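Structure record follows, encoded as structure tokens.
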């Protein structure tokens with residue numbers, strides 16, 4: 001098991017925090033590494049005889065009311081499951097604090113305040129200090145030193161670090177979600193000083209991923225389902241409704257696959273619910289596209305089973321796709337954005353159209369059923385009238401015959 005650390009540092013120059021220096025004013029370290037984001041660096045000394053490590057992390061504040069954190073995740077390069085030390089100014093005394101926190105999956109969605117929590121790994125000591133500054137301010141450099149005991153024969157650690165703008169009471173709030181901030185993690189080998197750095201993707205990746213998937217899985221797929229259900233009711237449509245439905249759905253699946261690929265490129269175990277729903281949507285979309293090429297003929301005995309499958313998977317795809325769009329907006333911090341408002345208005349418009357078309361469809365169905373009933377009754381009346389006339393004429397012949405006899 002490993003420990004998570006938080007480091008805050010203050011400096012007149014932000015670049016000073018990103019400079020890798022194995023020595024400090026209080027303690028020398030054997031190795032150091034300049035981290036790829038946030039002008040951060042880390043120095044350490046590993047003690048193989050007792051599998052312990054002394055760490056010193058250096059980072060910068062981005063707000064006087066902000067926080068800086070460093071942590072270790074024993075399982076993966078993910079925020080969820082990270083054991084972290086978070087440093088910020090005490091809201092009552094303004095002195096520098098460093099507190100332990102256990103980050104679970106609910107933290108990234110801010111469903112509840114993040115509270116300090118005792119760590120479940122051998123944490124020997126920790127401290128935090130500002131460099132060249134008496135108080136926390138923007139660009140202030142902080143150094144946090146900590147010692148912890150690692151699992152035997154475990155010399156690689158998953159290091160997570162970040163910083164945020166605000167602390168509410170003693171609860172740090174969510175950090176910025178730019179690609180650079182989300183890439184603040186690395187796996188470090190304490191013996192060789194090598195590091196597997198999380199790649200920093202272009203800034204447009206997240207926006208492209210969200211936009212493509214919201215339009216395709218969140219709008220085109222429901223629109224294609226509407227075309228299949230309601231266009232066929234229009235007089236004179238013939239088979240045209242099928243080609244509209246197929247074209248919209250196939251376009252959504254092909255373009256949506258691009259958005260899915262962007263998400264996979266960014267994914268690394270973070271936001272597992274959003275990622276799992278995305279995989280389910282892509283799988284269902286692929287099955288629906290494949291089903292188009294294996295559609296039995298109208299007269300085939302398996303046609304009814306194919307239709308049941310196609311409808312079940314299709315409506316499931318609509319629901320999961322829309323749900324995952326909202327989940328993705330929460331992940332991107334767009335819970336109260338205009339983008340979400342526009343999408344909600346589009347969905348509301350589609351829902352209103354569905355209600356109107358559904359009512360219209362039932363009205364047409366009931367009208368046709370009533371007309372068919374009247375036609376059957378009129379046909380029955382005509383048959384009875386014809387039968388009565390025949391019976392009357394037949395009786396006359398019999399009577400006439402009787403008189404002849």
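General remarks:
- For the stretch 120-144, the set of residues classified as buried (at least 22 other Cβ atoms within 10 Å of the Cβ) and either out of contact with any helix residue (DSSP H, G or I) (no Cβ under 7 Å at 6 or more places or on another chain) or not assigned by TED's automatic domain parsing to the domain that holds residue 190 (or both) consists of 128, 136, 140, 142, 143, 144, listed by residue number.
- Considered as a group, the residues in the stretch 342-357 that are surrounded by 13 or more Cβ atoms within 10 Å (Cβ to Cβ) and over 16 Å from residue 215 (Cβ atoms) include one that is modelled with the lowest pLDDT, and that residue is 357.
- Complete set of residues in the stretch 115-138 that are closer than 23 Å to residue 152 by Cβ and in contact (Cβ under 8 Å) with a residue 24 or more places away in the chain: 119, 120, 121, 122, 123, 124, 126
- Selection of strands (runs of 3 or more DSSP E) fully inside the stretch 22-86 by the criterion of at least 1 residues being without any contact (Cβ under 8 Å) to a residue 40 or more places away in the chain returns 31-34, 41-47.
- Residues being outside any helix (DSSP H, G or I) and buried (at least 17 other Cβ atoms within 10 Å of the Cβ) - total across the stretch 202-224: 0
The values are calculated or read from the model by the stated rules, or taken from the named source; none is laboratory data. Note that this is a predicted model, so its numbers are computed, not measured. As a convention, Cβ positions derive from the backbone with ideal geometry for all residues, glycine included, and neighbour counts pool all protein chains shown.
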